[in-house]
Amino acid sequence: MKVYLDNMIVSGIVRGDLQPPEEMAAVHALAKADEKGQIEIYTSRWSWAEQDRTRDDFVRMKLKESRGEFEVVADDHRVLGFWNQEGRFGTVSTNPMVTEIVDERLFSDLKKAGISDSDARHLMYAIHNKCDRFVTLDTRDLLPKRSDVAPLCRGTKIVKPSKLAAELSAS
């Protein structure tokens, strides 16, 4: 089972401050399930971009150091083409033009459904990369709207850590 962790979960793991405490315990159970090969845990480079905006230097450093602990989904950007510039003395500079939006229609539909730009990116990455579960504690945006966006999710289910941990222990 492919599981995508929202940045809220990834950052909470590193800081050790997920609330309520039963959700932190559930995340530890998910990490053990990943170690046993029961699930595969992913996040995206968008989580890294969000973490880079952390104002606390020490926390930002801890988040950067932890990046190797979480595999990123394979498809979280697209190369649109290349921009070439030729210099006067035969030099050529080539730069890729890259976008983080891997599925423009899905991203647009998620935003139209009331999902914030940042959360729509995370959910788009999970759906586009065929993750089975999207794990979050976002009670402002994602969890309250999950039934509204379910038709867009192509089988990806939005769940709390405790819900997925219970599902895994029942199987």
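Give the average over all directions of the projected area of the C-alpha convex hull of the stretch 1-90, one decimal, in nm². Walk me through the intermediate numbers first.
Values: hull surface 36.7 nm².
In nm², the orientation-averaged hull projection of the stretch 1-90 is 9.2.
If the limit is 21 Å between Cα atoms, which of Lys111/Lys163; Lys64/Lys157; Lys111/Lys145; Lys130/Lys160; Lys62/Lys130; Lys2/Lys111 go over it?
Violating the 21 Å Cα-Cα cut-off are Lys111/Lys163; Lys64/Lys157; Lys62/Lys130; Lys2/Lys111.
Residue farthest toward the positive end of the dipole of the stretch 79-165, with Cβ of Lys/Arg at +1 and Asp/Glu at -1: which of Ser93, Phe82, Leu152?
So the residue we want is Leu152.
Let me know the charge dipole size of the chain about its Cα centre in debye, to the nearest 20, where only the beta-carbon of Lys, Arg (+1) and Asp, Glu (-1) is charged.
My answer is approximately 200 debye.
Counting Lys +1, Arg +1, Asp -1, Glu -1, what net charge surrounds Lys145 among other residues with beta carbon under 10 Å of its beta carbon? Write out the running numbers ahead of the final one.
Values: positive: Arg140, Arg146; negative: Asp119, Asp138, Asp141, Asp148.
Neighbourhood net charge equals -2.
Please give the Cα centre distance for the stretch 1-71 versus the stretch 104-137, rounded to the nearest Å.
Comparing the Cα centres of the stretch 1-71 and the stretch 104-137, I get a distance of 18 Å.
Would you mind computing the Rg to Rh ratio of the stretch 18-171 from its alpha-carbon coordinates, Kirkwood style for Rh? Before the final figure, lay out each step's value.
Details: Rg = 18.5 Å, Rh = 17.5 Å.
Looking at the stretch 18-171, the ratio lands at 1.05.
Through the Karplus equation 6.51 cos²θ - 1.76 cosθ + 1.60, θ set to phi - 60°, convert the phi angles of the stretch 37-43 into ³J(HN,Hα) values in whole Hz; use x for Gly and Pro.
Going residue by residue, I get x, 6, 9, 10, 9, 9, 9 Hz, with x marking Gly and Pro.
Which cross-chain or sequence-distant (5 or more) residues have an amide H under 5 Å from the amide H of Ile158, H modelled 1.01 Å from N in plane?
Counting only residues 5 or more places away or on other chains, the set is Phe134.
Relative contact order for the chain using alpha-carbon pairs under 8 Å, separation at least 6, rounded to a whole percent? Before the final figure, lay out the partial values.
Working: 240 pairs, mean separation 44.9, N = 171.
This gives 26 percent for the chain.
Considering only Met97, Met24, Met61, give the residue with the highest GNM mean-square fluctuation for the chain, with springs between Cα atoms whenever their separation is below 10 Å.
Among Met97, Met24, Met61, the largest mean-square fluctuation in the Gaussian network model of the chain belongs to Met97.
So for the stretch 119-171, considering every pair of alpha-carbon atoms, how many percent are separated by more than 13 Å? Intermediate results must be reported in sequence, preceding the final value.
Numbers: 791 of 1378 pairs.
Counting pairs separated by more than 13 Å, the tail of P(r) holds 57 percent.
Every read-out reported here was derived from the displayed coordinates using simple, explicitly stated rules and does not represent laboratory data. All values reported here derive from a predicted model rather than from experimental measurement. Note: ideal-geometry Cβ built from the backbone for every residue, glycine included; neighbour counts use all protein chains shown.
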